[in-house]
1. Just the number, please: carbon plus sulfur as a percent of the accessible area of the stretch 23-64, 1.4 Å probe, no ligands or DNA/RNA counted.
2. Pairing the Cα long axis of helix 182-191 with the longest principal axis of the chain, what angle in degrees results, from 0 to 90 and rounded to the nearest 10?
3. Take every Cα-Cα distance within the stretch 1-92, group them into 10 Å bins from 0 onward, and report for each bin the whole-number percent of pairs it holds.
4. Translational diffusion coefficient, Stokes-Einstein: compute it for the stretch 122-192 using the Kirkwood radius over C-alpha pairs as Rh, at 25 °C and 0.890 mPa s, and state it as an integer in µm² s⁻¹.
5. Among 98-106, 8-16, how do they line up by average Cβ neighbours within 10 Å per residue, starting with the highest?
6. Please calculate how many Å² of accessible area the stretch 22-126 carries per residue, with a 1.4 Å probe and no DNA, RNA or ligand atoms counted.
7. Test of understanding: what is the full-extension gain from Met159 to Ala64, defined as 0.36 nm times their sequence separation minus their Cα-Cα distance?
8. Give the angle, between 0 and 90 degrees and rounded to the nearest 10, that separates the Cα long axis of helix 126-141 from the longest principal axis of the Cα atoms of the chain.
Amino acid sequence: MKKRKNDNSPNEERIAELVRQLLVELGEDPAREGLVKTPLRVAKSLAFLTRGYRQDIVKVVNGAKFSSDTNHMVILKDIELYSMCEHHMLPFYGKAAIGYISQGKVLGVSKLARIVDMFARRLQIQERLTDQIAHAVMDETGAEGVGVVIKAKHLCMMMRGVEKQNSEMTTSAVLGSFRTDVKVRQEFMSLL
Ligand code: ZN
């Protein structure tokens with residue numbers, strides 16, 4: 001059965017045509033056997049890799065908020081993350097950690113991972129991605145504080161440009177008590 005698409009989903013036929021032209025510009029022959037289906041594959045792949053633009057937080061969280069009396073820090077770490085840098089449209093990938101101190105509301109664990117994906121599946125810079133995840137968790141939980149740390153490797157640095165294979169970028173965003181209270185922030189960092 002064919003899935004019904006969002007109105008704003010990208011036009012895959014049109015993207016495929018652009019990829020076909022790109023292949024020609026790169027000196028390739030889009031008619032050769034190995035490339036015949038490539039433009040449409042690329043179009044579908046790009047649609048998937050940017051689907052975060054077409055998701056909204058209410059549907060992503062889907063009501064998975066639960067009451068809880070705990071006022072302790074909740075941390076989910078090693079959340080796999082794949083995104084694409086907006087400067088080169090090359091992947092960056094790594095792991096995210098999210099911590100928050102709830103004020104009566106907690107999110108289902110899988111929803112934290114889905115929030116990461118929703119923002120990662122767009123053209124991004126790591127700094128903004130980190131920030132957007134932190135704000136989304138804050139907004140959805142009404143937490144006392146939120147901290148997000150992302151460690152990622154950028155293919156635009158590894159396979160082109162400075163060609164540094166092992167450099168990893170770390171970004172963090174802290175909100176609420178994670179920002180104002182040094183002890184809270186230290187507890188978060190020490191648990192990562
Ligand atoms: Zn880049």
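The values are calculated or read from the model by the stated rules, or taken from the named source; none is laboratory data. Keep in mind that this is a model prediction, so the values were computed, not measured. Note: ideal-geometry Cβ built from the backbone for every residue, glycine included; neighbour counts use all protein chains shown. What goes into the accessible areas is simple: the full protein's heavy atoms, side chains included, and nothing from ligands, DNA or RNA. Shrake-Rupley method; radii C 1.70, N 1.55, O 1.52, S 1.80 Å.
1. Values: 1630 of 2860 Å².
Using a 1.4 Å probe with all protein chains present, the stretch 23-64 comes out at 57 percent carbon and sulfur.
2. 60 degrees
3. 12, 29, 29, 16, 9, 4, 0
4. Details: Rh = 13.4 Å.
Rounded to a whole number, D works out at 183 µm²/s.
5. Numbers: 98-106: 21.1, 8-16: 13.9.
The most tightly packed comes first, giving 98-106, 8-16.
6. Using a 1.4 Å probe on heavy atoms only, each residue of the stretch 22-126 averages 57 Å².
7. Details: separation 95, 0.36 × 95 = 34.20 nm, distance 4.00 nm.
The Met159-Ala64 span can extend by a further 30.2 nm.
8. The answer is roughly 50 degrees.
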